[in-house]
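Working notes, beginning with the structure itself.
The values are calculated or read from the model by the stated rules, or taken from the named source; none is laboratory data. Not measured: the values here are computed from a predicted model. No Cβ is skipped: glycine too gets one built from the backbone with ideal geometry, and neighbour counts run over all protein chains shown.
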Amino acid sequence: MTTTALITGASTGIGAEFARRLAEDGLDLVLVARSENKLEELAASIRRATRSTVTVLVRDLGRPDAAEELVAECATRGLEIDFLLNNAGFGTHGLVAEADPAKLAAEIQLNCVALTELSTRFLPAMISRGRGTIVNVASNGAFQPLPQMAVYGATKAYVLSFTEALWQETRRTGVRVLALCPGPTDTAFFDIAGEDFASSKRTTAQLVTTTKRALAKGRPSVVDGASNALVARLGTRLLPKRVILWGAEKTVSAR
Ligand SMILES: NC(=O)c1ccc[n+]([C@@H]2O[C@H](COP(=O)([O-])OP(=O)(O)OC[C@H]3O[C@@H](n4cnc5c(N)ncnc54)[C@H](OP(=O)(O)O)[C@@H]3O)[C@@H](O)[C@H]2O)c1
């Protein structure tokens, strides 16, 4: 039986790497993002390299009705989604007092609302088939507030909380759920956020390997990279809140 994976934000970065790796594993793909050319180029190279069937669906998931339309389009095309990777997302950098409120609302819409709606709409069919996988991309920024990336950090805290709760709810259904928390990873993310503060970055290939291991172990969440995991899981519990906030602001401000 062929498994079909739907990947949001598949045109570049983490999503594109997952597309290549899941196709190598024999999965069929549905690639979703706004950039048609990039999606078609990626689809063509995957078709050349593997036997996967690749469907491209150009969608702006920032539109409020986009998730519902996407699920309906999959049903119309007879695409049964067994693996959902909610990866599309972006970050904004800067002080809230100086931010464009519409941009922040768009960030919440994409990072939280679309992700929640796609999880909710695809989950019942996975449960009734007794199998499926949902991977929601959070961040190591989900573990503490992020001054100067306040809305981004809050959206990722939401993704982590929502996904871990969903993991518990689906434990006995045959559906695997994972919150994936990348640390700084070598993609266009920082160009779009407008600030490259990361002193070192992991590769998208390392991130996919981490994800596969965490899924195999049935974990509710995983932080990519040992030092990222240590800071995210331990540092944020041991240190006083003022120190955490100071450290987090310094991290996202430093060049
Ligand atoms: N890179 C990091 O250091 C890092 C760290 C932690 C978490 N993350 C998370 O990882 C995920 C992937 O980011 P990335 O690092 O791979 O960055 P990226 O290269 O900028 O990829 C973002 C993807 O999201 C898509 N996207 C953006 N807005 C969209 C919209 N309105 N509708 C549909 N698709 C949209 C983009 O495609 P189009 O522009 O073609 O639509 C692109 O494919 C994000 O959720 C990000 O928050 C990244």
Per-region count, segment 120-161, residues in contact with a strand residue (DSSP E or B) (Cβ under 6 Å, 6 or more places away or on another chain), under 14 Å from Glu80 (Cα atoms) and of a type in the set (S, T, N, Q): 1
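Hey, could you check segment 220-252 for residues that are of a type in the set (Gly, Ala, Ser) and on the phi < 0 side of the Ramachandran plot and say which is modelled with the lowest pLDDT? So that I can check it myself, show each step before the final result.
If we filter segment 220-252 for residues that are of a type in the set (Gly, Ala, Ser), which is where we start, we get 221, 225-227, 229, 232, 235, 247-248.
Restricting the remaining residues to those that are on the phi < 0 side of the Ramachandran plot gives 221, 226-227, 229, 232, 235, 247-248.
Values: Ser221: 98, Ala226: 95, Ser227: 93, Ala229: 94, Ala232: 92, Gly235: 84, Gly247: 92, Ala248: 93.
Ranking the candidates gives Gly235 first.
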For Phe83: the one exception among (1) farther than 21 Å from Leu31 by Cβ; (2) hydrophobic (A, V, I, L, M, F, W, C); (3) out of contact with any helix residue (DSSP H, G or I) (no Cβ under 6 Å at 6 or more places or on another chain): (1)
Test: residue in segment 110-130 that is touching a Ser or Thr at 6+ places or on another chain (Cβ under 9 Å), modelled with pLDDT of 95 or more and not in a helix (DSSP H, G or I): yes
Residue among Val54, Val96 that is away from the ligand (no atom under 12 Å from the Cβ) and either without any contact (Cβ under 8 Å) to a residue 12 or more places away in the chain or within 17 Å of Ala10 (Cα to Cα) (or both): Val54
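Go through Asp196, Asp191 for me and flag whichever is assigned to a helix (DSSP H, G or I), acidic (Asp, Glu) and modelled with pLDDT under 95.
Every option except Asp191 fails the conditions.
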Residue check, Thr173 away from the ligand (no atom under 15 Å from the Cβ), buried (at least 16 other Cβ atoms within 10 Å of the Cβ), part of a loop (DSSP other than H, G, I, E, B) and in contact (Cβ under 8 Å) with a residue 12 or more places away in the chain: yes
Count of residues meeting criterion [more than 7 Å from the ligand (Cβ to nearest atom), outside any loop (DSSP other than H, G, I, E, B) and not small (Gly, Ala, Ser)] in segment 1-38: 15
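Specify the residue that is surrounded by the most Cβ atoms within 10 Å (Cβ to Cβ); the eligible residues are those in segment 201-255 that are in a loop (DSSP other than H, G, I, E, B) and more than 20 Å from the chain's Cα centre (by Cα).
Leu239
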Set Glu41, Glu73, Glu68: member being among the acidic types (Asp, Glu) and either in contact (Cβ under 8 Å) with a residue 40 or more places away in the chain or within 11 Å of the ligand (Cβ to nearest atom) (or both): Glu68
